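Structure, as C-alpha cells:
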Amino acid sequence: MRRFITLVCLLGIAIPAGISISGCTRDPKAKYCNGLGYGLLDTAVASITLQPQIAGISLAFGQTIQSQAPRAFTCKGNAASVSASRYSYGTSNNQLVDISPTGNICAGTWNRNTGGGIADYTVCYYPNPLPTTSGLPYSLAYITATADSVTSNPVTVYVHAPISSISLVTTPLAGAPAQGCFSQNQQAQLDAQAFYALNGVQTPLCQPGSASLPECSNVIGTLNFSVATGAVATIDPSTNIITAHLPGTTVITSTIAESSSSSGYFSTCPPASITVNLANGSTKGVVTQGVAQNLTTNVTDTQGNPITGLNLSYESTNLIDISASAGAIRAAYPGVASVYATCQPSSCNPAPINELGLYGTGLSLASNPVDIIVPGTTSDFAWFGAPGQSQYFYSIELLTGTTGSAVRLPYVPNSMVMDASGNSLYFGSARELMVYSTSGNTITKQDPNAPGVVLAVSPNNSQLLINDQIRGVFYLYSVATGASQTQGGLGAAAAWTPDGSTLYIVDSSSLGGAHTDTLYVYNTNSGWSSYPLSAPPAAWAANSGPSLNGLVPLPIARQLAITVPAIGAYLSGSPTAAHTWCPSGDVGDNASIQFYPQSDSIAYQTDVLGATSDGSHILGAALAGSNSSGNSINLTDIGVAVPTAVPNGPLTSNGICPGVGPSAPAQGAALSPLSTDPTVNGTLSLSGVTNAVKVNQVVVGSAPSTESDTTAAPIAFVTYAPGASTAAAQLPFYLPQTSGAGPVGYITFADATSANPPTAPVAGAFGSDNTLFFVSTAGDNEIHLLSIPTNVSIASPPADSQQISPNLPACTPVSLGGNDAGCLYQTPTVPTSTTYVPATVIEVKPRSVT
C-alpha cells in the first residue's frame, strides 16, 4: 500500500512537468519549406545563382577564365552552406565551351589524359570545328553549376575570334543632338564596333545599327567602359550611358574577353565664351581699397549652352596691388589693373596630348578684361641696385623718408629680381643664389647649387628661373626646397604669365658665344618647347664698348612683353613677332603640333617692348642709329586686338582658337595660331634724345586716379644707356591714345644745370599708386622721383620733385687689379671708394599710409 501511494505521487508530479515540457517543443512542420512537415528542409539548398547572369562571359578562342563562385540559397532566401567540392559544372556544348571540375572555363576543349606529365585541364585548345554563325566566327554556349541536385541559372558564354580592335560608337540620347562633343549634362549611349583579323585584314565582326552585322552584345557580350578623366564625364556601369560634365576630352577604355584597350574618346564641349563683369554688369569700375569685389562670370560652350563649375584661373596685371581669385577682386593698395579669367589645360578643358584640339578641347581661352581702379594714396619701399657694376644695393622708405645704408652682398650680383608680393629680392651670381628678405632686411639664403642669372620669378613666388650661362642650363628652382628641374639652353630675358602656368624665355645670338636666336616656352601642361627665331639686326652685336661712368652697354639682346590678357608674348627684333597659345598642326597628329607658334609679325625693328594693361598697345623702342657716340630713339606704337569673348556675339568674335565653334576641328583638321591683328598706330622719333647707345626699357604704367577722375590713362617712359656726351639729358614719355599715335613729351631733370647733370635716364619703375615714377640717371648717379599728375599731358608733364643719392660703390674687376669676380665695370682708371655707379634695377613695394 505504501508503494502504491508513492507511485501515485510520482505520477502526479511527472505528468504536469511532461505537459509543460511538451508545450515548449517547436512544431516539426516548421522545418520544411512548405510548412506541412515534409519536402525540402528550410536549411537545404533551394536555388543556386551563378554570375554574371546578365552580362555573360566573353572569351576568345583558346582563352580561359575561372568562373565566379556559385552562391547557394535556401527557400527562405538565406545563404546555404555548400562547400566548393560539392559543386559540379556543366556546359551546353563541350566542343565550344569546356569547363573543369573546379569551374575553370575554356573557350574550346580542355586537355584530358594528355600524358607526358601534363596535368589535365591545363591546356585549352581552340574549338574544333571553329564556330560560325551566319558566316562570322562566333557562337554561344551556356554553363551551369549544380549542387545537391539543384542547378543554377545558365550563364551565357560568348565564344568568338580574338578581337583585334574596338572602335567606340557614341549615340546621343534624346535632347542631345548628333555632334562631335556633348554639352554639360547631355548623355549618350556607349557601344562599339569590334574587329578581328581575317588573313591579316581588319574585318568587322559586329556593329550597332548595321543591316549586315549583328549587334556586339549578341556576339561578344556586354562591353564594360571606363573614363580616364572623371571630371569630363562619368559612365553608369549598368547601362553604359555616359554623362558629360566639364569641358575636355577623355580616353574611353573598353573591356571585353578579359582584355582592356582604348577604344575612343568622349568630348564635353569646350567653352567658346567667358564673360567677366563686375556686380553691376560693367567691365570698368572703381574698387575700394581693402574691400573685396565679386565678379560675375558666365561661360558658354561651342554649342551655345551654359557651363557651370568650370575651374577658371583669375589673373591680374598688377598682382602686388590688386589680386583676383575664386571670382573675387581684392584690392590691397591703390593702383590700376586689368583682371580677366582664363581656362587653361590641364586644370580646365583638358585633352590627351595626341588629341589636342579635338572639337576645341585641350585649348586655352581668355575672357574679356575688367579694368579696375583703386583710388587712394600709398607710400613705397624702393630698392636700387646695379648688377655687374656694384656689389651693393640701397633702399628707401618714402613714408618716413628713411634711407637705408648700402647693403654689401657676398658676391657681385649679375641680376636683381623681386617677387610679385615684394617679400624677397633674388640676386644671381656666378657663384651662388643670394636671397634677401625685404621685411627682415637681411640675407636669408645663399645657395651655391644654383649659380647663374635670375631671369624671372613666378607670380606666386614658388619658382625662380635661373640660367647658368657657363654650363648652358636653365634651372626651374623651387624657392621652398631648393630643388631644381633643369633644361638646356641660354636666355637673355624671361617672363611668366600672371597665372604662373607659362614661362617665355628668349635668347639672342647677338650676345655671342653659345647664344642662339631661340624662343623657349615652358608650360605646366605641355612641358618644354623651343622655336627658332629670325636673326637679329646686325647693329645689335656691334653695339658694345665703354661709355660714361663705366657703364658697359652690352650687345643688344632680344626682349619680350606678355600680352594682356596673357595669350602670348611679343618678341623684339626685326621684325617684331608674336607667339600665342593656340597650337598649329593637325588634330590627332601629335608630331605636327607646335604649341606656341608664331602668330603675328610686324616689319618694324624694336629693341625693347612693353604692354599697356588695357591690352590695346605693344610699345617698342629701338636705336635710330648704330654709332657708339650717341643716337636718337624710335618709338613704335603697335595696336593689338587680343580676341576676347563678346557677350551674345558670334563665335568668330570670341577669344577662342580659330575654327573652334559648332564646326570645331575633328580628327585630321588643321589648327591655326591665334592672331592679335596688330597694326602700327605710328612710329615716332624721340628727337629729344641724342645721347643713347642702348635702349634699356619701355616702362608702361597709368596715370594716377581719384574718385572723381578714374580715367587711368596709360603713360610710358623710355630709359636708355648714355653715350660719350656729358650734356644734360631729358626723359621721354609717351601717352598712348585710343586710336592712332599719341604725343611725345620730355622731362627736364631738376639738376640739369648743375656741374654734373643727368646724362641719361638709365632705369625706371612706377610707384604702386601711379603718383610717382622712380628713375635713376647717369652723370649725377641719382634717383629722381617724378610726380605724375592725374591729368598728365604734354602741357602738364610729370615733374622732378625729389632726388636721392644711393651712392652705390663701383666694384673693381679682376682686369683692373680687383678681386670682384663678375664685375663688369670698365673705366680708364681704377675705381675708388668714392666712385659711384647709377642704379640699373629699381624694385618697388607698396606700403600703406595708415
### Task
Compute the distribution of all C-alpha to C-alpha distances in segment 395-445, in bins of 5 Å from 0, and list the percent of pairs in each, rounded to whole numbers.
5, 19, 27, 26, 16, 6, 2, 0
### Query
Regarding segment 47-160, what are the three Cα extents along the principal axes, ordered largest first, in Å?
46, 40, 18
### Largest-first principal axis extents of the Cα set of the chain (Å)
149, 90, 61
### Query
Can you give the alpha-carbon Rg of segment 163-268 over 2.2 N^0.38 Å, where N counts its residues?
1.07
### Task
Pop out the ³J(HN,Hα) list for segment 504-514 in order, Karplus 6.51 cos²θ - 1.76 cosθ + 1.60 with θ = phi - 60°, rounded to Hz; leave Gly and Pro as x.
9, 10, 10, 10, 8, 5, 5, 7, x, x, 8
### Task
With 5 Å bins from zero, work out the P(r) of segment 291-337 over every alpha carbon pair and list the percent per bin.
5, 20, 25, 19, 12, 10, 6, 3, 0
#### Entry: Antiparallel DSSP beta bridges within segment 163-268, percent to nearest 5
95 percent
### Query
Under the definition of Cα pairs under 8 Å and six or more residues apart, what whole-number percent is the relative contact order of the chain?
8 percent
### Query
Considering the alpha-carbon set of segment 727-850 alone, what are its Rg and its Dmax in angstrom?
17.3, 56
### Query
Cβ under 15 Å from Leu356's Cβ, Leu356 left aside: what net charge do those residues give with Lys, Arg +1 and Asp, Glu -1?
-3
### Task
Take the Cα atoms of segment 354-507, build their convex hull, and give its volume per residue in Å³.
150 Å³
### Query
Distance in nm between label sites at Asn218 and Ile241, each 7 Å beyond Cα in the beta-carbon direction?
2.4 nm
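Which whole-number percent is the relative contact order of segment 47-160 (Cα, under 8 Å, 6+ apart)?
Working: 255 pairs, mean separation 39.1, N = 114.
Here the relative contact order equals 34 percent.
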#### Entry: Beta bridges per DSSP with both ends in segment 47-160, % antiparallel, nearest 5
85 percent
### Query
Based only on the alpha carbon positions, what is the Kirkwood hydrodynamic radius of segment 111-159, in angstrom?
13.7 Å
### Query
Looking at Leu671, Gln68, His617, which one has the Cα that reaches farthest to the positive end of the dipole of the chain (charges on Cβ: Lys, Arg +1; Asp, Glu -1)?
Gln68
### Message
On the Cα set of segment 721-799, report Rg and Dmax in Å, please.
### Response
13.2, 43
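With runs of 4+ DSSP H residues as the only contributors, calculate the mean residue ellipticity of the chain at 222 nm using -39,500 (n - 2.57) per run, divided by the residue total and rounded to the nearest 500.
On the way: 2 runs with 27 residues, N = 850.
Here the helix-only value at 222 nm equals -1000 deg cm²/dmol.
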### Message
If amide hydrogens are placed 1.01 Å from N in the peptide plane, which non-local residues have theirs closer than 5 Å to the one on Trp528?
### Response
Asn523
### Message
Report the Cα-based extents of segment 79-123 along its three principal axes, largest first, to the nearest Å.
### Response
41, 25, 11
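Rank the residues Leu173, Leu808, Leu735 as a footprinting-exposure proxy: fewest other Cβ atoms within 10 Å of their Cβ go first.
Values: Leu173 13, Leu808 24, Leu735 18.
Neighbour counts put them in this order, fewest first: Leu173, Leu735, Leu808.
Fewest first, what order do Val339, Val201 take by the number of other Cβ atoms within 10 Å? Mind showing how you got there, number by number?
Values: Val339 27, Val201 9.
Placing the least packed residue first, the sequence is Val201, Val339.
Among Thr580, Thr49, rank each residue by its count of other Cβ atoms within 10 Å, from fewest to most, as a rough exposure measure.
Working: Thr580 24, Thr49 14.
With the fewest neighbours first, Thr580, Thr49 line up as Thr49, Thr580.
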#### Entry: Cα long-axis angle, helix 2-23 against the chain (0 to 90 degrees, to the nearest 10)
50 degrees
### Message
For segment 429-513, compute the orientation-averaged projected area of the C-alpha convex hull (one quarter of its surface), in nm².
### Response
6.0 nm²
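Give me the dipole magnitude in Debye, nearest 20, for the chain about the Cα centre, with unit charges on the beta carbon: positive for Lys and Arg, negative for Asp and Glu. Present the calculation step by step, with values, prior to reporting the outcome.
Numbers: 19 positive and 39 negative charges, 617 e Å.
In debye, rounded to 20, the chain gives about 2960.
Just so you know, all these numbers are worked out from the coordinates, no wet-lab data involved. None of the values given here were measured: they were computed from a predicted structure. In this analysis, Cβ positions are derived from the backbone assuming ideal geometry, glycine residues included, and neighbour counts consider all displayed protein chains.
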